[in-house]
Amino acid sequence: MSKGKLAIYWAASCGGCEIAVLAIDEKILKVAELFDIVFWPCAADGKVRDVEKLPDGSIDVCLFNGGIRTSEQEYMAQLLRRKSKVLVSFGSCASEGCIPGLSNVNTKREIFDAVYKQGEMTHCENPQDLRPQPHTKVPEGTLYLPVFYDTLRTLDQTVEVDYSLPGCPPEAENIWAALTAIIENKLPPKGAVIGRNTTVCDECPRKRNEKKIKKFYRTWQIQPDEETCLLEQGLVCCGVATRAGCKALCPQVNSPCIGCHGANDGVADFGARLMSALASVIDSNDPEEIDRIIHEGIPDPVGTFYRFSLARSLLRRSKKPNGVEVEVHRPAAAAR
Amino acid sequence: MRSPPRPRLRAADRGARAARIASAAVGAPQALVRPPNGNSMRRRHAWKTFFYKNSWADEAMSNENFEPKIVGFLCNWCSYRAADLAGSARIKYAPNVRIIRVMCSGRVDPSFVFKALAQGADGVMIAGCHPGECHYIEQNYKAMRRYAMLKHTLTAMGVEPERVRLVWASAAEGQLLAEHIDALVADVRKLGPLCWSRNWEESPERLKALEEIVHEHAEAMEVQA
């Protein structure tokens, strides 16, 4: 039997997904037995040029982690889509933006200001207020840098995706299940999320009673009881909206679920589902008291409800102050 | 006369093609947008789409002739009947609201509101029975809490909270509902168009950079052995 071809690529993400692939332990040898790794910049030598030369559709499986933040990443997503038979959006970043996607509350200009301007946040020496430019003319020719986008997009907002694997990072078990499905050619229908179709609450061993809360606490404010549902105790636990598959790891160590597995099937917007669930357990019918409970308990609603899924949400990002910002070219001479 | 059939694309090409179309839609200069020609059914549909799309865009661009699009989620037992009453009593109110009947204001999930705003609505109205009068005992209190939560999040996302409103109107209050609708339309008109999808646009540099990568690779990466 001829070996399959496997590619693994890394766009806007932390790199944890690359390591998560190795968490399948000795089964990685099985993977090496069955697949030729044609492209995995993190672990094996390989050039984009080599991928460009492959015939279209010649890679059997491509595990793509990370969101699309720059033009280079978008190009790689399009390239790997063209070259791969099966493109899997691997992990939370590729599927729903994850933590890098939270930068969608800012624009490119604001992000660059924070990074390159001398300010309170960074202490970089940049008296001329220089910014990275897509083109720089040097005597030897032009140097290119990728264009940084205002809005981070998920992989499936950029190219057609066959399957997605949830989790930040995906659980070893799920990775192996996905690889097995591919090896044995027992793939679910196209577009499916490879994982369980239920919520974290379903896997959580805590005792649940009727939920009525007068105050939301942040994790550092209380020492939660180990037996009772965390949401009942006033902690913002995302288990109600989050896809199962992690065996409720966080609630089991007395920490609320933060929603890294993303929305369950049939949920259009993770944050909306969570908002809806949290609002219904607030024990008050007085508008002013409700407002107080919400504003005191949830000072950062976007970070709480969309910690992993802002780029995937229905609104995708916060409102831009002035619509589309057009980059102004600065003379490269100023750089010298 | 039939136009020649479009070449079929291989499956692998479709993703890239979709991406190209999406890219083109973002940065296409106005001159490139041409109305479709021909008169077959499909073309007629294309015309319709073209017309609505562009009239929407024009409308959204200028504030002068701006007619707000409002989506209204009205509870079956009170507010929808109030709207009925307003109709049969010939009470005049702004025609900008598109009413969707739901069984209860408690049925309105925040995702309905997000979806409406993301797909072109300038404002959303949720209307239900007065507190204590819910047909389902206390679901309008849930609506009240969800609305508070929703407004908190919308403000953080940069949406003016005045665009989304929760009002109470009993089946007898056609006049009140009409006033609420008028007030919301007037407020949204003052705020101007929302045009949420414009927030997703990238600068035209993006397309240029994508093209350049291909050239750059072709030129720079061949190393003579």
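The values are calculated or read from the model by the stated rules, or taken from the named source; none is laboratory data. Computed from a prediction, not measured in an experiment: that's the story for all the values here. Cβ coordinates were reconstructed from backbone atoms using ideal geometry, including for glycine residues, and neighbour counts include every protein chain displayed.
Has region A:226-240 got at least one residue that is within 18 Å of the chain's Cα centre (by Cα), surrounded by 15 or more Cβ atoms within 10 Å (Cβ to Cβ) and not assigned by TED's automatic domain parsing to the domain that holds A:L165? Can you show your working first?
Step one: of region A:226-240, the residues within 18 Å of the chain's Cα centre (by Cα) are A:238-239.
Applying the additional criterion that residues be surrounded by 15 or more Cβ atoms within 10 Å (Cβ to Cβ) yields A:238-239.
Pick out the ones that are also not assigned by TED's automatic domain parsing to the domain that holds A:L165 and you get A:238-239.
Yes, some residue in region A:226-240 is within 18 Å of the chain's Cα centre (by Cα), surrounded by 15 or more Cβ atoms within 10 Å (Cβ to Cβ) and not assigned by TED's automatic domain parsing to the domain that holds A:L165.
Name the single residue, out of those in region A:1-35 being among the charged types (D, E, K, R) and over 14 Å from A:N174 (Cα atoms), that is nearest to the chain's Cα centre (by Cα). Show your work before the answer.
At the first step, the residues of region A:1-35 found to be among the charged types (D, E, K, R) are A:3, A:5, A:18, A:25-27, A:30, A:33.
From what's left, over 14 Å from A:N174 (Cα atoms): A:3, A:5, A:18, A:26, A:30, A:33.
On the way: A:K3: 31, A:K5: 25, A:E18: 13, A:E26: 27, A:K30: 28, A:E33: 30 Å.
Looking at residues that are among the charged types (D, E, K, R) and over 14 Å from A:N174 (Cα atoms), I get A:E18.
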Looking only at region A:39-68, which residues are under 20 Å from B:L210 (Cα atoms), in contact with a strand residue (DSSP E or B) (Cβ under 6 Å, 6 or more places away or on another chain) and within 11 Å of another protein chain (Cβ to nearest Cβ)?
-> A:V51, A:I68
Which residues, counting only those in region A:122-160, are within 24 Å of the chain's Cα centre (by Cα) and in a loop (DSSP other than H, G, I, E, B)?
-> A:L145, A:P146, A:V147, A:T154, A:T158, A:V159, A:E160
Across region B:129-143, which residue is nearest to the other protein chains (Cβ to nearest Cβ) among those that are part of a helix (DSSP H, G or I) and farther than 20 Å from A:F270 by Cα?
-> B:Y141
Quick one: is A:R312 crowded, with 17+ Cβ neighbours inside 10 Å, among the charged types (D, E, K, R), at negative phi and assigned to a loop (DSSP other than H, G, I, E, B)?
-> yes
Taking region A:161-192 and keeping residues in a loop (DSSP other than H, G, I, E, B), surrounded by 20 or more Cβ atoms within 10 Å (Cβ to Cβ) and either at positive phi or away from every other protein chain (no Cβ under 14 Å) (or both) leaves A:P166, A:G167, A:C168, A:P169, A:P170, A:E171
Within the bounds of region B:167-179, is there any residue that is touching a residue at least 12 places away in the same chain (Cβ under 8 Å), more than 7 Å from chain A (Cβ to nearest Cβ), touching a strand residue (DSSP E or B) at 6+ places or on another chain (Cβ under 7 Å) and in a strand (DSSP E or B)?
-> yes
Region A:234-252 residues that are more than 23 Å from A:I194 (Cα to Cα), paired with ones that are part of a loop (DSSP other than H, G, I, E, B) and of a type in the set (K, R) (beta carbon under 9 Å, 6 or more apart) = A:G234/A:K214; A:G234/A:K215; A:L235/A:R218; A:V236/A:R218; A:Q252/A:R206
Every listed condition ((1) within 11 Å of chain A (Cβ to nearest Cβ); (2) more than 30 Å from A:L143 (Cα to Cα); (3) out of contact with any helix residue (DSSP H, G or I) (no Cβ under 6 Å at 6 or more places or on another chain); (4) acidic (D, E)) holds for B:D182 save (1)
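Residues are listed down the side, and each one gets a yes or a no for (1) polar (S, T, N, Q); (2) in a loop (DSSP other than H, G, I, E, B):
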{"site": "A:P205", "(1), (2)": "no, yes"}
{"site": "A:C257", "(1), (2)": "no, yes"}
{"site": "A:R273", "(1), (2)": "no, no"}
{"site": "A:N285", "(1), (2)": "yes, yes"}
{"site": "A:I290", "(1), (2)": "no, no"}
Since B:V188 meets every condition but one in (1) in contact with a Pro (Cβ under 6 Å, 6 or more places away or on another chain); (2) at pLDDT below 95, which condition does it not meet?
-> (2)
If the Cβ limit is 8 Å and pairs must be 6+ apart or interchain, which residue in region A:285-311 that is facing chain B (nearest Cβ under 9 Å) pairs with which residue that is of a type in the set (S, T, Y) and part of a helix (DSSP H, G or I)?
-> A:N285/B:Y141; A:I298/A:T304; A:P301/B:T153; A:V302/B:T153; A:F305/B:T153
Filter region B:198-225 for residues that are of a type in the set (A, V, I, L, M, F, W, C) and exposed (fewer than 15 other Cβ atoms within 10 Å of the Cβ); the one that is modelled with the highest pLDDT is B:V214
State all residues of region A:175-226 that are at pLDDT 90 or above and among the acidic types (D, E); if no residue qualifies, say none.
-> A:D202, A:E203, A:E210, A:D225, A:E226
Within region B:153-165, restricting to residues that are surrounded by fewer than 22 Cβ atoms within 10 Å (Cβ to Cβ) and within 12 Å of chain A (Cβ to nearest Cβ), the one that is nearest to B:C104 (Cα to Cα) is B:P161
